[in-house]
Amino acid sequence: MMMEKIVSLSDGENIDELQQYLSSLTDDQLTMVVTNSALKGKDIGAIVKAIFKGSPPSTPKGASRRLLLYQHCIPLCDSGDLQTEVASDILGLLMLETHNLPGPSLAQLASLFVDAIKTGKMGNGKSMELFPTVLTALASTEALSYGKGELSGEEYKKQVINSLCSSRWDPQCVIHLTTMFRDVPLSPEELQFLVEKVLRMFLKLDLQEIPPLVYQLLLLAAKGCKKQVLEGIISYFTEQDLRQKEEQNNGEISDLEVQSVPEDQLRHVEGTAILHIVFAMRLDHELGREFLKSLKGSQGDLCPFSIALLLSVARIPRYEEQVFELLKGAISKDLKNEQLRHGSKFLQDLLPQRCSLAQMILDTVKNSVFGWDHVTQGLVQLGFILMDSFGPKAAPFGKTAAEGAIVTAKTPTQQACRLGGQVLLEGFKMHEPIRVEILEQVLNRLVTKTATPVTHFIELLSDIVVSAPMILLESSSKVTETFDHLSYLPLATVQGLLKAVQPLLKVSMSMKDALILVLRKAMFSSQLDGRKSALTGFLLLLKNFRVLGSLSSSQASQTISSSQVQVDVHSRYNSAANEAFCLEILSSLRRCLGQQADVRLMLYEGFHDVIRRNSQLASSIMQTLLSQLRRYYEPEQDLLPPVKLESCISAQGDQVFLQEPLSHLLSCTVHCLLWYQGMSQPNAGESDNDDDDEGGVQAELQSLLESITRRMIKCELEDFELDKSAEFSVVSSVGVKNSIYAVLVMGVYEVLMEYNFTKANYSKSVFEEVLELFKRYNKMAQILREKSGKGKSSKSPRSLLSIGFVSTLLTALFRDSTQSRDEALTVLRSSGDFLRYSVSVALQKVTQLEDTGHTDGPDGQNTDKTFRHLCDITSVLMWRYTNIPCAVEDAGKEKRCSVSLLCLEGLLRIFSTCLLRYPARLVQLLSANDVSVGEDSHGPEKHSVTEKTSFYIRQFQRALFTQLSGVEEDFNSKEAQLLVNILSVLSRQLEPSSQQFGEVITWTVKVCKETSFEDAAFSKGLLSLLFSLHVLYKSPVSLLLELCQDIHSQLGDIDQDVEVEQQSHFAIVNMKTAAPATLLVLSQVGRVLDEVDWLIAKKKGQLVPDKPSPGDATQAVRQEDPVEKALTLQLGALLTALNELVQTALPPGVCTNTLLGELSRTYTTLTTLVKYYIQLCSGQQGVLPVRLEKLVKLSGSHLTPQCYSFITYVQSGELAGVADDKKKKKEGEAVNSASVKLLRETKAIPNLIYSIEQYEKYLITLSKKSKVNLMQYMKLSTSRDFRINAATLESALQEQDDSQQTTVSQQPEESQEPRKKKRKQ
């Protein structure tokens, strides 16, 4: 056999014989030997070695035989017919001999491989292991013939790689090829070419093949092109995500289409890819640095995949801080950008809407459910970082910035904090492993952050409890640990925490018991806040553990400890246990009745809610209240006053303070009694067998209240020792005592008014009593106002009327037209003071609701009921205002503002409150008012916000128009300002694209153009409204120009010899209102500059990556860039407007200072724009847009000279001011005020001059770069090395003849804008 003969010859010493034998075989015979041997897997190594031994590469025959062997073995190994070990052995032997092949053979082998790849005939790709060795050997050969000439081996290798990367690859061989290229030495250009090719192939591969390819690419990236590899991988997954999202959105429409990639498959692939990348970064820190650098450079263009990748990278300690800083900055920036874009139509038109980063982060949370455990830890950290960094801050003096949960997050900071909460809540719902950590962290923050508000953490805890109460029970020990700290926490935190975990207390006995133990201890705390916390907790428990059915009092009196009562967790209620539990708590609470006024106050405010929720406790509570009230009640019917005020205060040393808030005790008693009577009336028939003592308590309370009412009406102020001669100063103890008495007495009167009105059933005699009570109240209030008026202005004490009663009272007074009630109501309606008082209390309640999110008294904490009352009050106030305008009211002139004005103020407050506290329910509020029924109540619901709001707007517009139609003497400025404020609040609710919004703008412009009232405050309000609307409609620069022309025309020119062309676009601008209008205009200028700065920064960010692009291609595009065009036009219009203002004789002080500030900002913005074009010209030889040249011309030839004239005007004005001061005041004072003014000016003027000079400096640079002489438009600046004394110069000039004087006076005219001015003749 040939095979054995070759092996035996090879083993022998005679190589010549072996060579002769091999030469005698034909090629086919030789290949047959190799094939048979390989298939059998027997002696193949020996055969190959023998063939190499008998084929010396130096002889042509030997070389061709070697080549034949290679050409035969390569396809053989790829065929898949051989055992793996056999194929590996063959390839190993071939590799060892590759470097001995001559150049032409290597070239042939290389083209064999390339052809196999191009035609996709690579089989299993096993032979690819040999290709790097062939290429390496090829690179080291001297020269090879190529075409007609010769190439060095290195060049030839480059040609091979080039041809390979240019050809079409079979998707199956991409991974083999990428693996193979890792062993090929590549130049940077070749590597880049290769990486681009592999990244292009991503889209053609099956999704499952992506992770191994990513892994191989990352290994390849060790050679270089790291940034390119990472960006390519990220952009591939971003594209997949977008496609997935589109399919999901369209999928709702057409379910028939087959989804190209199932979502779970895509997410698992992404997860694996992320793991590979993070693993590579752990080993190669350069890769990590490149990744973070590329994300920082790309202006925060993140996508869900890159966010997930970042969060995984954050697990590597060295990158953790950088990653979270990057994410925090990107989120904050994105939210700010969105806010800026949202507030300006100009920016909305210019830039398309993008998917917000916040939404992407929430998408990442959603995607992480597909086994992305490596991302979840980062999400938790990110959530807490956002909540800690952007949460509410402590206001000065330790107060929280805003009480009560504000429903909508408005500022970017609030939105970022809200996002952190959403991330944690969603993460908590989805991932079990992180739940314990999230809960621990939240509770830790509640306990440790006592100095800053923790409302956002309480909200999160509350959401977690609601979303997964049973999961929390597993971690109940964490919650009970937190209870131990209750008595040391701020009261607001305790209230929030207990309210949040309250659903858990119903299902967990152990948690409830732990809480009760803690609360009992806190009840005896030495700290007042600790005792208040205990009270809060007990009241909450009483409200929520309802006692069903009634138990006889004998049963109830048995003391059963709550810990003895075992409740089956799954039974809904165990009323006997609950009753025992509640009565035990009540006995604890009775201790509070002997504590400080603050504690008692909380108890009284809580009792009413407890009775409403837990009616079986009514008799116990009312018994308690009665016994407490008896302490302060004077039982002798003939004695006045009926209450013992001296028992309500206590003294310590020379300090007097309130001990018993009697009016609140009375208020609580009245509300509980009224509620109880309301409850017992419907089922009076059934209550025969009720306990007698309940009826007894009720009857006794009623007679007690009647007696107090009767005697309080008889009381004069002297009976309380509170007549006009009494002292109310806060300094002396007598004054403090009298102030406390006065507040208590007024409170008692108010409570009695509410009780008697409610009980009266519209009886005339009782209403007369109510009016008598009010007169006594009012008298007291007036004295208090007069006395405190001397000192600092003090508000009237907070009213004790409940918001529900205020709503009932207003409806009765203004809207009730029932015939039978008319006579009784006329008694109250006849008193103007009473009407004013009713509306002002409503105003007070609404203000309290806006500030804190709740009101005093019953139902004050119940948002739904409060909102219902708010709707009723709105309806009444609106009806009252629209039907009885101010002008019709017959009160005296100083009281003309009276009820209608108070109604208007109330409406303004209500609309603001509704938008702050109930933003989603505005339509409900507006619909509640039946005024609008006639016009559009039948309209469809979907556009009712705009519809309803615009109906209200028309009502208020009508009222304002009526005001403005009269003569100026009848103009009520306060009413007009309130109307403007209401219009601005309501118009913000209109959709800016709606027709109604356009109508409001048109109307506002019309009013501004036609109203010429000289009322500064009103004109300021109206112009603010105009600007706030206009900016959502289009850019305000054209408006600014017209206003600046009007101001110039009204105030005259800085050169007194110049007559300004009379122009009046807006009549609202007149001599008196021009200065405030100037400040408003300048604030708008600032806003436009903000937008322009932001756009330039955005353009600069896009410039960086584009630097290498060739100039010719982009030159045409540059010319027409819409953003550059828009911002140049904005600046041009702004310069024209400022040019008007700079020539205006503005009053020295705030106006001139602000203008100087805005001018230097304008020049700074121009400088930024010039720097941008310098960068542009450095990157590519672009031609400067003609628009920019025009802008530079406008700034240089018009604005800059005027700025210097204006500086001279300001300085001469200041000197004149100092001279006047010296005449008017003592010299010391004059010098003092002058130095203050001078200090202010010295900052503004040099800043402006510096900005102008910086601008000119960069213009010179730009001129050189762009080969355009921009400096031709610049005038030489004024020399400021010395200053001419104006007074000396003037006296010298007077000695000169007239002709010379004329010459001097005409000099400034050269730099004035010629269009505007003409000389006075």
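The values are calculated or read from the model by the stated rules, or taken from the named source; none is laboratory data. Not measured: the values here are computed from a predicted model. All Cβ positions, glycine included, derive from the backbone under ideal geometry; neighbour counts span all protein chains shown. These accessible areas exclude ligands, DNA and RNA; they are computed on the full protein's heavy atoms, side chains included. Shrake-Rupley method; radii C 1.70, N 1.55, O 1.52, S 1.80 Å.
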Plugging the Cβ-Cβ distance of residue 336 and residue 718 into 1/(1 + (r/R0)^6) at R0 = 60 Å yields, to the nearest 0.05, a FRET efficiency of 0.40
Let me know the shape class of segment 410-507, please: from the alpha-carbon gyration tensor, a ≥ b ≥ c as square roots of the eigenvalues, rounded when a/c is under 1.5, otherwise prolate if a/b is greater than b/c, or oblate. oblate
Indicate the gyration tensor shape class of segment 708-821 (rounded, prolate or oblate), computed on the Cα atoms with a ≥ b ≥ c the square roots of the eigenvalues: a/c under 1.5 is rounded; otherwise a/b larger than b/c is prolate and the rest oblate. prolate
With a 10 Å radius around each residue's Cβ, average the other Cβ atoms per peptide and rank 734-742, 95-103, highest first. 734-742, 95-103
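Within a Cβ distance under 14 Å of residue 802, other residues only, what is the Lys/Arg minus Asp/Glu net charge?
Surrounding charge for residue 802 is -2.
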Is the shape of segment 443-490 best called rounded, prolate or oblate, per the rule: a/c under 1.5 gives rounded, else a/b larger than b/c gives prolate, else oblate, with a ≥ b ≥ c the square roots of the Cα gyration tensor eigenvalues? oblate
Solvent-accessible area, 1.4 Å probe, carbon plus sulfur percent, for segment 1124-1202: 63
Calculate the dipole size of segment 96-248 relative to its Cα centre from +1 charges on Lys and Arg beta carbons and -1 charges on Asp and Glu beta carbons; express the result in debye to the nearest 20. 100
The summed charge of the residue 356 Cβ neighbourhood (under 11 Å; Lys/Arg +1, Asp/Glu -1) stands at -1
Compute the distance in nm between two label points, each set 7 Å from the Cα along the Cα-to-Cβ direction, one at residue 815 and one at residue 833. 2.8
Which of 775/974; 197/1171; 333/1020; 333/1171; 1100/1190; 737/845 have a Cα-Cα distance over 30 Å? 197/1171; 333/1020
Heavy-atom accessible area order for 509, 523, 430, largest first, 1.4 Å probe: 430, 509, 523
Return the loop-located GluC sites (Glu not before Pro) in segment 157-266 (DSSP other than H, G, I, E, B) with at most 12 other Cβ atoms within 10 Å of their own Cβ; answer none if there are none. 252, 257
Distance cut-off 22 Å, Cα to Cα: go down the list 1006/1125; 296/1098; 227/296; 245/366; 336/1098 and report the pairs above it. 1006/1125
Which value in nm describes the separation of the simple spin-label points at residue 370 and residue 637, placed 7 Å from the Cα toward the beta carbon? 8.5
In segment 475-495, whose amide N lies under 14 Å from the spot 7 Å out along Cα-to-Cβ of residue 528? List them in ranges. 491
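Based on the mean of other Cβ atoms within 10 Å per residue, sort peptides 272-280, 341-349 so the most packed one is first.
272-280, 341-349
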Size of charge dipole - segment 978-1040 - debye, nearest 20, with Cβ of Lys, Arg +1 and Asp, Glu -1, no other charges: 140
Of 174, 128, 202, which is farthest along the charge dipole of segment 81-230 in the positive direction, counting Lys and Arg as +1 and Asp and Glu as -1 at C-beta? 202
Calculate, in nm to one decimal, what residue 1079 and residue 1024 gain on full extension: separation in residues at 0.36 nm each, minus their alpha carbon distance. 18.7 nm
Give, in nm to one decimal, the length gained when the segment between residue 1009 and residue 362 is fully stretched (0.36 nm per residue of separation minus the Cα-Cα distance). 228.1 nm
